[in-house]
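Report on the following structure.
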Amino acid sequence: MSIGVCYFPEHWPSDRWREDVAAMADAGLEYVRMAEFSWGRVEPERGTFDFEWLDEAIDLVAEHGMAAVLCTPTATPPKWLVDERPNVRQRDRDGTVRNWGSRRFTCFNSPAYREETERVVERFAERYADDPAVAGWQTDNEYGCHETVRCYCDDCANAFRDWCRERYGDVDALNDAWGNAFWSQQYDSFAGIDPPRPTPAESHPSRLLDYYRFANDSVVDYNREQVEILRERNDDWFVTHNFMGDFGRLDAAALAPDLDFLSWDSYPTGFAQDRRQGRASVDELRAGDPDQVGMNHDRYRGALREPFWVMEQQPGDVNWPPTCPQPGAGAMALWAHHAVAHGADAVLYFRWRRCRGGQEQYHAGLRKADGSPDRGYRGAETAADELFDLDAVDAPVAVLQNTEDCWATHIQPHTPDWDYWGHHRAHYGAVRRHGVQADLVPPPGRPSAPALDEYALVVAPALHLLDDDLAAALREYVADGGHVLFGARTGFKDRANKLHETPAPGPLADVVGATVDQHESLPEGVPTTLEYDGDVHDYRTWAEWLDPDEASVRATYDSGTAAGRPAVTTNEHGDGRATYCGVWPAPEFADALVRDELDAVDVRRTDRLPGAVRAAERDGYTWVTNFGSDPVAVDAPGDFIVGDDRVGAYDVAVVGSPVDAVDIAPADDE
Ligand code: GAL
């Protein structure tokens, strides 16, 4: 388990580098990530390369016993390049050019940018192919950051026409698949197809979905070209990419097969404010939401079922959320432990030193702008000191996550309150509040999908686009003894984003043993309750009235026009069973239902955990992480490796016991 940092030596005088690198080594750091936005420094004019400064920085890192992680610099091409070849720039949907002067504005389909990318990546790869200090690479930076997965330039228009031609062969097949008879949206040739431009009413949902797929494929292809160049030069390098949190525009699982492992960039106090429903609590402003951060860890681990890296870990206060509070004391070390508990093998803080120029001056580093240690430096030092080597996480639960369902449900959300990630988290959070590890994995048939029989329980919160092949794989899993908990909006549509002719869950109706008679979306303020196991619970936003066929009824609506109708059913199918939950469950109900599903398959778990405390088992050890400020008492048979039996605000304990042997309760402080 390693701690590292991101360093921009080019921002500082070279006579400072030795002191900086020595201080990194003193803190116990093992990786230094560099060169990320360095194209302008490395190639100040076309064909004139200056790598000497980077050579020197890498040598210093090696001298201090650390390894370098390099980044391809393609997120920020130099000015001269864009002046020479202005058509490398992306365009917005309305045709507005995305300009130089920031980052990530270049088009994945621009033949000119592909050429330039190949040229520069080749030069970097060649330069460091024989340098043992370079452990591996990160391609580019955060593909899609600043809403740039989808571009609408002429190169994309041409590439999209080719993409449609290849996928459908015949334009009538496309018209048919999309359902273009609606509003006379038939095409008479592939040449007439454009990217979806602004329209008075919404665009056609099937056209949008295919455009999103096409844009995603463009990123996969662009990344693959970079990976191939790097691997060709040195096959021992690892190659990864730093993905983003709660980010739905890019399907990381589609890029995963080309990478050795996935990485992501974790900024807990920002994410709790800018990509999640609800107002962040005081504790979330100080430490973030454990399930929001955890679900991203589990997504980037789950895509390949391999340890992942946190390539950028929040180092202190940041500059981009609505407000930028200082993290709570301990939070910077807590985040590293939490990542490791969820399967990270390395956590690299972003950045080494608060920068004096440019867009991110209000973003902390491990060191202050004057170079002296900041709060995060102490956190990194603590984490580096406390971490120890571990085997990978072995999760008993799979949560099926298909990014195409995120796109489709957001194209037609049916209520402003729909949030794909929030709805997933309603189910995932209930698993985590029982201390159980879950892999977020792509469903059968998607790139890098696992065999489901590796899991005791499969949770499928919203498999919205469901074709016969996916239904067959799930049918087989259940028939062979598997247990699945399906969530609302499952099986409504085919892969073209068109409703099935049969009622939801379409081709899965026999496995679920029930169908959806009606669905409704509901705003806050309308009573939304149901009865489960003798208790009345809340749900929110979405409700389906179920018609059981073979299935038995587990929960019934208790309010509104649906009162008395089934809301949750369970069906025995073959040797297994399928539970269908037709609502977005509120936490109390999700916890009760998920607890019963876990118990039905004997998954080892804790009692329901208090507040923002979470437990996670890895390699026989259990991490107790407290993202809240109320202390908890921990009772376990094993030794405490980190911390002790009282875990206070934003603190952690690691104990040598399996999770079901650990008892966690609010501390009695009186
Ligand atoms: C990330 C990005 C970094 C830096 C950081 C600031 O999204 O990859 O380059 O901008 O945010 O928090």
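Please return the ranges of strands (runs of 3 or more DSSP E) entirely within region 416-488 where 1 or more residues are within 17 Å of the chain's Cα centre (by Cα).
Once the strands (runs of 3 or more DSSP E) in region 416-488 are filtered for at least 1 residues that are within 17 Å of the chain's Cα centre (by Cα), what remains is 438-441, 457-460.
When you scan region 101-129, how many residues do you find that are free of Cβ contacts under 8 Å to residues at least 24 places away in the same chain and farther than 21 Å from T48 by Cβ?
Count: 1.
So Q273 clears everything in (1) open to solvent by 10 Å² or more (accessible area, probe 1.4 Å); (2) away from the ligand (no atom under 16 Å from the Cβ); (3) assigned to a helix (DSSP H, G or I) except one condition, right? Which one?
Status for Q273: all satisfied but (2).
Quick check, is D50 more than 16 Å from the ligand (Cβ to nearest atom) and assigned to a loop (DSSP other than H, G, I, E, B)?
So D50 fits the description; yes.
When you go through R150, R161, R165 one by one, which is the residue that is in a loop (DSSP other than H, G, I, E, B), touching a helix residue (DSSP H, G or I) at 6+ places or on another chain (Cβ under 8 Å), of a type outside the set (F, W, Y) and touching a residue at least 24 places away in the same chain (Cβ under 8 Å)?
R150
Would you check which residues across region 48-70 are touching a helix residue (DSSP H, G or I) at 6+ places or on another chain (Cβ under 9 Å) and open to solvent by 30 Å² or more (accessible area, probe 1.4 Å) and list them?
Step one: list which residues in region 48-70 are touching a helix residue (DSSP H, G or I) at 6+ places or on another chain (Cβ under 9 Å), which gives 49-51, 53-58, 60-61, 63-68, 70.
Matches in region 48-70: F49, D50, D55, E56, E63, H64, G65.
Among the residues of region 1-47, write down those that are in contact (Cβ under 8 Å) with a residue 60 or more places away in the chain, more than 16 Å from the ligand (Cβ to nearest atom) and assigned to a loop (DSSP other than H, G, I, E, B).
M1, W12, A27, G28, L29, E30, E43, listed by residue number.
When the residues of region 137-154 are filtered to those that are within 11 Å of the ligand (Cβ to nearest atom) and not aromatic (F, W, Y), which remaining residue is surrounded by the fewest Cβ atoms within 10 Å (Cβ to Cβ)?
H146
Which one is nearest to A133 (Cα to Cα), of the residues in region 213-257 that are of a type in the set (F, W, Y) and within 16 Å of the ligand (Cβ to nearest atom)?
Checking each candidate, the answer is F243.
Which members of region 60-87 meet the condition of being closer than 18 Å to C156 by Cα and within 28 Å of the chain's Cα centre (by Cα)?
none
Go through D389, D385, D405 for me and flag whichever is of a type in the set (D, E), under 23 Å from G648 (Cβ atoms) and in contact (Cβ under 8 Å) with a residue 12 or more places away in the chain.
Sole residue among the options that is of a type in the set (D, E), under 23 Å from G648 (Cβ atoms) and in contact (Cβ under 8 Å) with a residue 12 or more places away in the chain: D385.
Considering only region 106-130, state which residues are in a loop (DSSP other than H, G, I, E, B) and surrounded by fewer than 16 Cβ atoms within 10 Å (Cβ to Cβ).
Residues satisfying the conditions are A129, D130.
In region 283-332, what count of residues is obtained for those that are more than 16 Å from the ligand (Cβ to nearest atom), assigned to a helix (DSSP H, G or I) and of a type outside the set (A, V, I, L, M)?
11
So which residues in region 408-417 are surrounded by fewer than 19 Cβ atoms within 10 Å (Cβ to Cβ) and either without any contact (Cβ under 8 Å) to a residue 40 or more places away in the chain or β-branched (V, I, T) (or both)?
I411, P413, T415, P416
Can you pull out every residue in region 319-336 that is within 12 Å of D283 (Cβ to Cβ) and within 20 Å of the chain's Cα centre (by Cα)?
Within region 319-336, just L334 meets the criteria.
Yes or no, residue by residue, for (1) among the hydroxyl-bearing types (S, T, Y); (2) open to solvent by less than 10 Å² (accessible area, probe 1.4 Å):
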position: L387; (1), (2): no, no
position: D419; (1), (2): no, no
position: H423; (1), (2): no, yes
position: Y428; (1), (2): yes, yes
position: R433; (1), (2): no, no
position: A438; (1), (2): no, yes
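Scan (1) within 16 Å of the ligand (Cβ to nearest atom); (2) farther than 27 Å from N141 by Cβ; (3) acidic (D, E) for the single condition E360 breaks and write down its number.
Failing condition for E360: (2).
Could you figure out which of (1) assigned to a loop (DSSP other than H, G, I, E, B); (2) open to solvent by less than 10 Å² (accessible area, probe 1.4 Å) isn't true of G358?
(2)
Any chance region 163-183 includes a residue that's farther than 21 Å from K493 by Cβ, in contact with a Cys (Cβ under 7 Å, 6 or more places away or on another chain) and open to solvent by 20 Å² or more (accessible area, probe 1.4 Å)?
no
The values are calculated or read from the model by the stated rules, or taken from the named source; none is laboratory data. The model shown is predicted, which means the values in this text are computed figures rather than measured ones. Note that we place each Cβ from the backbone using ideal geometry, even for glycine, and neighbour counts take in every protein chain shown. Quick note on the areas: whole protein, heavy atoms, side chains included, nothing else; ligands and nucleic acids left out. Shrake-Rupley method; radii C 1.70, N 1.55, O 1.52, S 1.80 Å.
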